[in-house]
Amino acid sequence: MSAAYRLNRLFHAGSGRCIDVAVDHGFFGEPRFLAGIEDMARVVEALVEAGPDAIQLTVGQAPLLQSLPGRAKPALVLRVDVANVYGEQPPRTAFSHVVDDAIGHAVRLDAACVCVNLFDIPGADDLRHECIANITALRTAADRAGMPVMVEPLVMTAGTGGYGVDGDSDRIVALVRQAAERGADAVKADPTDDLSAYHRVVTAARVPVLVRGGGRVSDEEVLERTRIVLAQGARGIVYGRNVIQHPDPAAMVRALRQAVHGDGT
């Protein structure tokens, strides 16, 4: 199967855009990431009913989606690497580890694509090297299987509260460009601090760009940010906590469907 055929599953037939809800947070071992997703079976059931285009899950949780009968369900984006950089303090040794036989798992789980990190953290050169090696190995295996690779370039900065997201446009563009050079089929990238510059990210990627949601913000900010990045060429969004930690996740998905696809109320 061609990677392009699988990638088509992510995108809405009418708008050509994608709403991917990330529910892979339990993979990272952070207690604060579990708010709203304590009962994964219930969460997946509710999200399927709300109707995003894709749900991002791990190897251990993906069967909750893929075992559901019928064709009318979101595509699976399979998270295949686990990292330790999201704690409240920077780790002594940062890592990003890819699960064994990641592409084999993706094929057996009938995923539309796999998702892997590309970190840029000052002083964490070994982590950057590990991410590049991860992507290189996945790209080779994915080509054999016709499995698309979504690369998630994450520009971060070290602070007293651990690593945080850096929205510097130049750093994000450079890292997104590196993802493209490594052969990404799609890119999941942070919004830039200057949202009017997001077209630079889209140009650097050359492949579909899905905008990462990051930490919890107001509904108004989420929807306005979505509108701005889509207007500059982004092909969709990957939102996690802004959906799963919302008081009414299904209602948030419906609002995003209106913003991204123009359907719903």
- Item | VAL253, sole failed condition from (1) touching a Ser or Thr at 6+ places or on another chain (Cβ under 9 Å); (2) in a helix (DSSP H, G or I); (3) in contact (Cβ under 8 Å) with a residue 40 or more places away in the chain | (1)
- Note on the structure: If we keep only residues of the range 25-77 that are modelled with pLDDT under 90, in contact with a Gly (Cβ under 9 Å, 6 or more places away or on another chain) and outside any helix (DSSP H, G or I), then the residue nearest to HIS246 (Cα to Cα) is GLU30
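Tell me which residues, restricted to the range 212-229, are touching a residue at least 12 places away in the same chain (Cβ under 8 Å) and either open to solvent by 10 Å² or more (accessible area, probe 1.4 Å) or part of a loop (DSSP other than H, G, I, E, B) (or both).
Those that are touching a residue at least 12 places away in the same chain (Cβ under 8 Å) and either open to solvent by 10 Å² or more (accessible area, probe 1.4 Å) or part of a loop (DSSP other than H, G, I, E, B) (or both): ARG212, GLY213, GLY214, GLY215, ARG216, VAL217, ASP219, LEU223, ARG225, ARG227, ILE228.
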- Message: All but one of (1) loosely packed, with under 14 Cβ neighbours inside 10 Å; (2) within 26 Å of VAL207 (Cβ to Cβ) hold for ASP120; state the number of the condition that does not hold.
- Response: (1)
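How about the range 123-132: which of its residues are part of a helix (DSSP H, G or I) and open to solvent by 50 Å² or more (accessible area, probe 1.4 Å)? Before you say what the answer is, go through the steps one by one.
From the range 123-132, those part of a helix (DSSP H, G or I) are 125-132; that's our starting set.
Those that are part of a helix (DSSP H, G or I) and open to solvent by 50 Å² or more (accessible area, probe 1.4 Å): ASP125, ASP126, ARG128, HIS129, GLU130.
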- If you go through the range 154-165 one residue at a time, do you hit one that is open to solvent by 10 Å² or more (accessible area, probe 1.4 Å) and touching a Ser or Thr at 6+ places or on another chain (Cβ under 6 Å)? yes
- Which numbered condition ALA102 misses (of (1) open to solvent by less than 10 Å² (accessible area, probe 1.4 Å); (2) touching a Phe, Trp or Tyr at 6+ places or on another chain (Cβ under 9 Å)): (2)
- What about LEU109, is it under 24 Å from LEU7 (Cβ atoms), of a type in the set (A, V, I, L, M, F, W, C), open to solvent by 10 Å² or more (accessible area, probe 1.4 Å) and at pLDDT 95 or above? yes
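Please state which one of THR140, THR136 is on the phi < 0 side of the Ramachandran plot, without any contact (Cβ under 8 Å) to a residue 40 or more places away in the chain and among the β-branched types (Val, Ile, Thr).
THR140
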- Query: Within the range 186-211, can you find the residues that are open to solvent by less than 10 Å² (accessible area, probe 1.4 Å), within 20 Å of ASN8 (Cβ to Cβ) and assigned to a helix (DSSP H, G or I)?
  - Reply: ALA205
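The values are calculated or read from the model by the stated rules, or taken from the named source; none is laboratory data. Bear in mind that the values here come from a model prediction, so they are computed numbers and not experimental data. Ideal geometry is used to build each Cβ from the backbone, glycine not excepted, and the neighbour counts take in all protein chains shown. When the accessible area is computed, the model is the full protein with side chains, heavy atoms only, and any ligands, DNA or RNA have been set aside. Shrake-Rupley method; radii C 1.70, N 1.55, O 1.52, S 1.80 Å.
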